[in-house]
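What follows is a short report on a single structure.
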Ligand code: HEM
């Protein structure tokens, strides 16, 4: 199926199986008037529904005296499973728009974490737009046209493109590998289990914020990898860093990628845990009681001119029902002890409340604005 419906109870692009590419954009609102934001979301919704169906925005106009209603680079291209997902950052709930009382109580900027090395140009945003598609030009076209429609109401704050192995290169769609060479996404919860998705991903009415019911909270971290250092470390060190075998993706000491994680198994000779207690998986898994849905992409953004090294890593994205109960405690454990911190450093950070979906005739954000 090449086209993913835009309308529905939930926004597409959250439990949707990952596409090949992402174009992520954070925006800042430049008006003080909430009705301008509402109007922009109405236009964004119509344009997005049109674009994900593979059509051009507006009436195709041939008037040589007017700019065309669509920038045109996606003409004749297939929908490419494009999804467009919108969210609001905590700063949208400050005094500017009178939305202070609508902020979900547990939705705040993230606290600082020990290993953070954040740079302001990769942080924050009043709004976010996550576009994913199997074609980068289709994804870029969507971001570009939404930014164009936003003119006068919102401006781009930061953007990041990302990729993973394509479905052409891996027709069986096995777990993709990140730029450190490890399968990434293995232990994700099953997105076809709707009961589980209601527990882990979708905000519920009992959570107390009516306008977010059916939405989800997103954490985005732009994590730069110290690729050159990693590439000089031994296979054993690499596998001890994650707590999994590189080739199979299986937990250390197990054979199959999807074998369960046994943190209490001890090595017969050393008496130490087979999966090191400071490994990424041991710390992220903990007692297994906290889950989240990870939907990350690799990024490569050219050279860091200061060091002459690649600026590449992971655009980590996770969706959860409550950041305080899910993302924050896990990230705290990782920031304090993760062996991966030798090889990865968090440069960017943002959180967004991603709205519930809407039906035809409605608009994304209608429950808030
Ligand atoms: C598991 C990579 C950052 C949360 C994993 C796995 C890999 C990986 C290879 C094992 C396979 C899998 O289950 O997907 C990375 C890399 C990161 C990163 C390269 C940054 C450069 C993070 C962050 C969080 C996180 C920031 C959340 C705060 C998790 C969780 C698991 C996991 C919850 C599953 C643990 C389990 O229950 O088995 N990650 N990760 N990761 N990671 Fe990360």
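The values are calculated or read from the model by the stated rules, or taken from the named source; none is laboratory data. Predicted model, so just to flag it, every value in this text is computed and none were measured. In this analysis, Cβ positions are derived from the backbone assuming ideal geometry, glycine residues included, and neighbour counts consider all displayed protein chains.
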Output the residues belonging to segment 88-108 that are surrounded by fewer than 16 Cβ atoms within 10 Å (Cβ to Cβ) and not in a helix (DSSP H, G or I).
94, 98, 105, 106, 108
Within segment 14-35, the count of residues that are within 21 Å of residue 154 (Cα to Cα) and either surrounded by fewer than 18 Cβ atoms within 10 Å (Cβ to Cβ) or at pLDDT below 95 (or both) comes to 7
Would you mind stating whether residue 117 is surrounded by fewer than 13 Cβ atoms within 10 Å (Cβ to Cβ) and either closer than 30 Å to residue 224 by Cβ or at pLDDT below 95 (or both)?
yes
Residue check for residue 290: under 17 Å from residue 327 (Cβ atoms) and near the ligand (Cβ under 10 Å from one of its atoms):
yes
Among the residues that make up segment 201-218, is at least one of them free of Cβ contacts under 8 Å to residues at least 60 places away in the same chain, under 19 Å from the mean Cα position of the chain (by Cα) and within 16 Å of the ligand (Cβ to nearest atom)?
no
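Just give me the residues in segment 250-284 being under 22 Å from the mean Cα position of the chain (by Cα) and either at pLDDT below 95 or closer than 26 Å to residue 13 by Cβ (or both), in sequence order. Give the steps one after another, and end with the answer.
Kept after step one, since they are under 22 Å from the mean Cα position of the chain (by Cα), are these residues of segment 250-284: 280-281, 283-284.
If the condition is that a residue be under 22 Å from the mean Cα position of the chain (by Cα) and either at pLDDT below 95 or closer than 26 Å to residue 13 by Cβ (or both), then 280, 284 are the ones that fit.
Only residues that are within 17 Å of residue 343 (Cβ to Cβ) and either assigned to a loop (DSSP other than H, G, I, E, B) or away from the ligand (no atom under 15 Å from the Cβ) (or both): list them for segment 234-257, please. Give the derivation first.
Kept after step one, since they are within 17 Å of residue 343 (Cβ to Cβ), are these residues of segment 234-257: 234-244, 246.
Selection gives 234, 236, 243, 246.
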Which number in (1) part of a helix (DSSP H, G or I); (2) surrounded by 17 or more Cβ atoms within 10 Å (Cβ to Cβ); (3) within 14 Å of the ligand (Cβ to nearest atom) marks the one condition that residue 197 misses?
(3)
Pairs needed: first member in segment 173-187, free of Cβ contacts under 8 Å to residues at least 40 places away in the same chain; second member anywhere, assigned to a loop (DSSP other than H, G, I, E, B) and near the ligand (Cβ under 6 Å from one of its atoms); C-beta distance under 9 Å; at least 6 residues apart or different chains.
177/184
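Going through 193, 240 one at a time, which residue ends up being at pLDDT 95 or above and more than 30 Å from residue 365 (Cα to Cα)?
Unique residue meeting the criteria: 240.
Would you say residue 246 is under 25 Å from residue 18 (Cβ atoms), at pLDDT 95 or above, touching a strand residue (DSSP E or B) at 6+ places or on another chain (Cβ under 9 Å) and crowded, with 19+ Cβ neighbours inside 10 Å? Give the steps one after another, and end with the answer.
On the way: under 25 Å from residue 18 (Cβ atoms): yes; at pLDDT 95 or above: yes; touching a strand residue (DSSP E or B) at 6+ places or on another chain (Cβ under 9 Å): yes; crowded, with 19+ Cβ neighbours inside 10 Å: no.
No: the conditions fail for residue 246.
Part of a loop (DSSP other than H, G, I, E, B), without any contact (Cβ under 8 Å) to a residue 40 or more places away in the chain and crowded, with 16+ Cβ neighbours inside 10 Å - does that describe any residue in segment 47-62?
To start, the set of residues in segment 47-62 that are part of a loop (DSSP other than H, G, I, E, B) comprises 53-62.
Still in the list and also without any contact (Cβ under 8 Å) to a residue 40 or more places away in the chain: 55-56, 58-62.
Of the ones still in play, those that are also crowded, with 16+ Cβ neighbours inside 10 Å are 56.
Checked segment 47-62: at least one residue is part of a loop (DSSP other than H, G, I, E, B), without any contact (Cβ under 8 Å) to a residue 40 or more places away in the chain and crowded, with 16+ Cβ neighbours inside 10 Å.
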Can you give me the number of residues within segment 8-20 that are under 12 Å from the mean Cα position of the chain (by Cα) and more than 14 Å from residue 52 (Cα to Cα)?
3
Set 222, 148: member being touching a residue at least 40 places away in the same chain (Cβ under 8 Å) and within 16 Å of the ligand (Cβ to nearest atom)
222
